[in-house]
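Read through the structure below, which is laid out as structure tokens, and then see the notes.
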Protein chains: 2
Amino acid sequence: MVSAPLPTVEFWFEFASNYSYLSVMRIEDEARRQGVRLIWKPFLLGPIFRALGMENSPFVEQKQKGAYVQRDMARQCRKYGLAPWTPPSVFPRLSVLPARIALLGADQPWIGAFSRAVMELNFAKDRDINAPDQLAPILAALGLPAADLLGRAQADSNKARLRQQTEEAGRRGIFGAPTFFVDEEMFWGNDRLEDAFQMAREKAQATASA
Amino acid sequence: MVSAPLPTVEFWFEFASNYSYLSVMRIEDEARRQGVRLIWKPFLLGPIFRALGMENSPFVEQKQKGAYVQRDMARQCRKYGLAPWTPPSVFPRLSVLPARIALLGADQPWIGAFSRAVMELNFAKDRDINAPDQLAPILAALGLPAADLLGRAQADSNKARLRQQTEEAGRRGIFGAPTFFVDEEMFWGNDRLEDAFQMAREKAQATASA
């Protein structure tokens, strides 16, 4: 008897991205509920936007869209039962340090809790997410060696890994976050999380019964 | 006894927009099912994009996003049970003539059927939607006086009305299509149709029980 393959979704997210916030807060529960395996893929949107010829987030570049996003986030936070939406006083925030830590923890059991805590720091508590003294308490609260992880996060080899991961995002056609992949099938935006999960389950089922 | 106010949604759409296509095809059924009154608001995206400093649709301007939209549309058409997605050979198509006709019919019982037929012409049959000889058969099939309507659509007063409606779209912060309004609450994109309907129903209920 061959066991069925586990439905698998790659989850590409950026700590500075407000729609990534919505997905980070709910994806682990959803994955557990649906029996989907997650591959956490932190990356940086800045280099992606610049490669596409944009100076900044479209929510900053286009005022009309930026104004709308505030209304939309307020409603979405209510819909998902998150803290009331408070527009971050800095947007988009520098996010390279938490991304480097998330890269170290991507296949560790603490990745979900760490990512949610960083997102809340940014989008509920309006705090600098790129400061070691903001991130150390999060790591400590998870029972992790904060100083050691912060050191390893800033090692040259780990910095290079994050650059490579961001380059991979560009090569695979990612232009925003969150983005989900089921094999090479791409889904863009928190609104497509359900569709990505459904495709992952259908594919796994098809493989199992083939 | 005062009767409850009817939940009402303004539906702003553009015949050249592929995500408007998804909403046009399903919105009238959904409104009937949920007891929502629709106010049909055809408008032109071209002047909106130009006012925001864009030369063309973002799906044309940004190649990565444009490529993604093709995959997304294929999946969305399947999800909604529409004809298999065929990328239009011209995108975005000129749509001023059908928009002018839709403006004449916005409060007529044929607006839904007319709009669906034009959308199918563009996104399922890959035909010019700005040609009188493509639109006349649609009007005739609906039992309407095609020549008369085509004439009235091109009258100066009706042309001016469409310009005014498009200006209203800009004033109200619209930057894409479809867009839904419940009073001044704006919802952008086919993915927000359900949320807009729900808010309309909640508002009507709140008014009724106040």
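The values are calculated or read from the model by the stated rules, or taken from the named source; none is laboratory data. Quick caveat: nothing in here was measured; it's all calculated off a predicted structure. Ideal geometry is used to build each Cβ from the backbone, glycine not excepted, and the neighbour counts take in all protein chains shown. Quick note on the areas: whole protein, heavy atoms, side chains included, nothing else; ligands and nucleic acids left out. Shrake-Rupley method; radii C 1.70, N 1.55, O 1.52, S 1.80 Å.
Okay, here's what the table says:
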{"quantity": "So B:ALA169, is it among the aliphatic types (A, V, I, L, M) and under 16 Å from the mean Cα position of the chain (by Cα)", "calculated": "yes"}
{"quantity": "Extreme residue, farthest from A:VAL9 (Cα to Cα), among residues of the range A:180-200 that are more than 9 Å from chain B (Cβ to nearest Cβ) and in a helix (DSSP H, G or I)", "calculated": "A:ASN190"}
{"quantity": "Conditions (1) in contact with an Asp or Glu (Cβ under 6 Å, 6 or more places away or on another chain); (2) within 14 Å of chain A (Cβ to nearest Cβ); number of the one not met by B:LYS41", "calculated": "(2)"}
{"quantity": "Test: residue in the range A:95-116 that is more than 25 Å from A:VAL9 (Cβ to Cβ) and free of Cβ contacts under 8 Å to residues at least 60 places away in the same chain", "calculated": "yes"}
{"quantity": "Residues of the range B:55-77 satisfying the condition of being more than 9 Å from every other protein chain (Cβ to nearest Cβ) and either assigned to a loop (DSSP other than H, G, I, E, B) or over 16 Å from B:SER17 (Cβ atoms) (or both)", "calculated": "B:GLU55, B:ASN56, B:SER57, B:ALA74"}
{"quantity": "Residue among A:ARG33, A:ARG50 that is away from chain B (no Cβ under 14 Å) and basic (Lys, Arg)", "calculated": "A:ARG33"}
{"quantity": "So B:GLU120, is it exposed (fewer than 15 other Cβ atoms within 10 Å of the Cβ) and under 23 Å from B:VAL9 (Cβ atoms)", "calculated": "no"}
{"quantity": "Selection status of A:GLU168, closer than 27 Å to A:CYS77 by Cα, modelled with pLDDT of 95 or more and not hydrophobic (A, V, I, L, M, F, W, C)", "calculated": "no"}
{"quantity": "Test result for B:LEU6, open to solvent by 20 Å² or more (accessible area, probe 1.4 Å), in contact (Cβ under 8 Å) with a residue 60 or more places away in the chain and more than 24 Å from B:LEU97 (Cβ to Cβ)", "calculated": "yes"}
{"quantity": "Verdict on A:PHE59 being in contact with a helix residue (DSSP H, G or I) (Cβ under 6 Å, 6 or more places away or on another chain), of a type outside the set (Asp, Glu), more than 30 Å from B:ALA169 (Cα to Cα) and buried (at least 16 other Cβ atoms within 10 Å of the Cβ)", "calculated": "no"}
{"quantity": "Residue in the range A:170-179 that is part of a loop (DSSP other than H, G, I, E, B) and away from chain B (no Cβ under 14 Å) present", "calculated": "no"}
{"quantity": "Which numbered condition B:ALA160 misses (of (1) open to solvent by 60 Å² or more (accessible area, probe 1.4 Å); (2) away from chain A (no Cβ under 13 Å); (3) farther than 25 Å from B:GLN76 by Cβ)", "calculated": "(1)"}
{"quantity": "Residue tally, condition open to solvent by 80 Å² or more (accessible area, probe 1.4 Å) and either in contact with an Asp or Glu (Cβ under 6 Å, 6 or more places away or on another chain) or at pLDDT below 95 (or both), over the range B:177-202", "calculated": "0"}
{"quantity": "Qualifying residue in the range A:129-141 (condition: outside any helix (DSSP H, G or I) and in contact (Cβ under 8 Å) with a residue 60 or more places away in the chain)", "calculated": "yes"}
